[in-house]
Amino acid sequence: MNVQQFIAGTAAMACLLAMTTSVFAHFGAIVPSDDIISQADSKKLGLETKFLHPLEGHYMEMVKPKQFGVLHDMQKIDLLSTLTAAKGKSGGQEKEFTFWKNEYQVKRPGDYTFYVEPAPYWEPAEDVFIIHYTKVCVNALGLEEGWDAPVGLETEIIPMTRPYGLWTGNIFTGQVLVKGQPVPGAEVEVEYLNESPGNTKILHAPSDPFVTQLVKADVNGVFSYAMPKAGWWGFAALNEASWTMKQDGVEKGIEIGAVYWVHTTDLP
């Protein structure tokens, strides 16, 4: 796929997304128990992998992912077998939905980028399949190396800001890639995770446009956003896949999302 096709695909997906309200924005999520593991902390990290509307807290059913792993010291480790199913509901939901949990034992210093490729999710309201390739980085034991290394996913966000140790109000900058190439003018949705640990004041949006923030990348696929509240923030760059899948015998488009999560902390 060339740059012109990237741009055309992005425009087509933007038109598709415009037919739905931002209140229905989907986000893949990997939420670790901490974004920084210090010498004094336990070296066992808990992670939850979900598919949800972050600010509203609505879960979507998530079947077992196609791949789940971690990139550390330029080596990818398959962690798919460590996932166990769990049930959750929030945001006034009556029905429980499936998400996935696991623990990871940190053994060496450095940056650990956890990633997931979920199974395709059929969204009838948008007449499209959704695949959100999601990442989060955890720093361990003081060695700050590897946070900007690509995993090699179909689409991903490469952080240009160190993605941990962030104060509330800091700016996060990232670059959107599809098949390893920058996506000019990519649209990036931003949402706050209302379930962020320690969030004692649940955020209620005054109107729909406040639920999902939207920023556009420049010609090099680079975007920035300043995070105004402590907790977890998700960034989702959406594009159209170069392939299709069948639903009820009919070929349907696929929304591929590059999703990245970062955590902010209030100044004391």
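Here, each number is a calculation from the coordinates, and none is a lab measurement. What you see is a predicted model, and the numbers here were worked out from it, not measured in a lab. Virtual Cβ from ideal backbone geometry, glycine too; neighbours counted across all protein chains shown.
Whole-Hz ³J(HN,Hα) for each residue in the range 202-208, computed from phi via Karplus 6.51 cos²θ - 1.76 cosθ + 1.60 with θ = phi - 60°, x for glycine and proline: what do you get?
After applying 6.51 cos²θ - 1.76 cosθ + 1.60, I find 5, 7, 10, 6, x, 7, 3 Hz.
At a Förster radius of 22 Å, what calculated FRET efficiency corresponds to the Cβ-Cβ distance of residue 38 and residue 170, to the nearest 0.05?
Values: r = 20 Å, r/R0 = 0.89.
Computed FRET efficiency for residue 38 and residue 170: 0.65.
Rounded to the nearest 20 Debye, what is the dipole magnitude of the chain about its Cα centre when Lys and Arg each give +1 and Asp and Glu each give -1 at the C-beta? Walk me through the intermediate numbers first.
Numbers: 20 positive and 32 negative charges, 104 e Å.
In total the dipole reaches around 500 debye.
Compute the FRET efficiency between residue 243 and residue 220 as 1/(1 + (r/R0)^6), taking r as their Cβ-Cβ distance and R0 = 30 Å, and round to the nearest 0.05. Spell out each step's value before the answer.
Working: r = 25 Å, r/R0 = 0.85.
Here the calculated transfer efficiency is 0.75.
Once you have the Cα-Cα distance between residue 63 and residue 151, take 0.36 nm times their residue separation minus that, and quote the gain in nm to one decimal. All intermediate terms of the calculation are to be shown ahead of the outcome.
Working: separation 88, 0.36 × 88 = 31.68 nm, distance 2.23 nm.
Gain on extension, residue 63 to residue 151, equals 29.5 nm.
Under 13 Å Cα to Cα from residue 50, which aspartates and glutamates show up? Leave out anything in the same chain fewer than 8 places away.
Within reach: 61, 96, 117, 195.
For the range 3-265, divide the Cα radius of gyration by the Kirkwood radius and give the resulting Rg/Rh value with two decimals.
That ratio equals 0.94.
Determine the relative contact order of the chain: mean sequence separation of Cα pairs under 8 Å and six or more apart, normalised by residue count, in whole percent. Don't skip to the answer; put the middle values down first.
Working: 662 pairs, mean separation 56.9, N = 268.
For the chain, the relative contact order is 21 percent.
At 0.36 nm per residue, minus the direct Cα-Cα distance, what do residue 73 and residue 98 gain on full extension? Give it in nm, one decimal, please.
Numbers: separation 25, 0.36 × 25 = 9.00 nm, distance 3.16 nm.
Using 0.36 nm per residue and subtracting the Cα-Cα distance, I get 5.8 nm.
State the extension gain, in nm to one decimal, for the chain segment bounded by residue 210 and residue 266, taking 0.36 nm per residue of separation less the distance between their alpha-carbons.
Details: separation 56, 0.36 × 56 = 20.16 nm, distance 2.11 nm.
Contour length minus Cα-Cα distance gives 18.1 nm.
Too long at a 27 Å Cα-Cα cut-off: which of 89/135; 95/216; 179/216; 66/95? Intermediate results must be reported in sequence, preceding the final value.
On the way: 89/135 23 Å; 95/216 35 Å; 179/216 19 Å; 66/95 25 Å.
Beyond 27 Å: 95/216.
Nearest 20 debye, what's the magnitude of the dipole of the range 165-255 about its Cα centre given +1 on Lys and Arg Cβ and -1 on Asp and Glu Cβ? Working shown, then result.
Values: 6 positive and 10 negative charges, 52 e Å.
Charge dipole, the range 165-255, about its Cα centre: 260 debye, nearest 20.
Run lengths n ≥ 4 of DSSP H only: what is the helix-derived mean residue ellipticity at 222 nm for the chain, with -39500 (n - 2.57) per run over all residues, to the nearest 500?
-2000 deg cm²/dmol
Which of the aspartates and glutamates could be linked to residue 201 by a straight reach, that is with a Cα gap under 17 Å, when you skip same-chain ones fewer than 8 residues away?
Cross-link targets: 56, 191, 266.
Packing-wise, with mean Cβ within 10 Å as the measure, how do 128-139, 39-50 rank, highest first?
Working: 128-139: 23.3, 39-50: 15.2.
Highest mean packing first, the order is 128-139, 39-50.
Compute the long axis of helix 3-18 from its Cα atoms, compare it with the longest principal axis of the Cα atoms of the chain, and write down the angle in degrees, 0 to 90, nearest 10.
With rounding to tens, the tilt is 90 degrees.
Take the alpha carbon atoms of the range 189-222, find their center, do the same for the range 25-59, and report the distance between the two centers in whole angstrom.
Using only Cα atoms to place each centre, the spacing works out to 16 Å.
When Rg is the radius of gyration of the Cα atoms in the range 97-177 and Rh is its Kirkwood radius, what does Rg/Rh come to?
Details: Rg = 15.3 Å, Rh = 14.9 Å.
Radius of gyration relative to Kirkwood radius: 1.03.
Just how many % of Cα pairs in the range 143-219 lie over 22 Å apart, if you round to the nearest whole percent? Could you put the intermediate results ahead of the total?
Working: 1136 of 2926 pairs.
That tail contains 39 percent of the Cα-Cα pairs.
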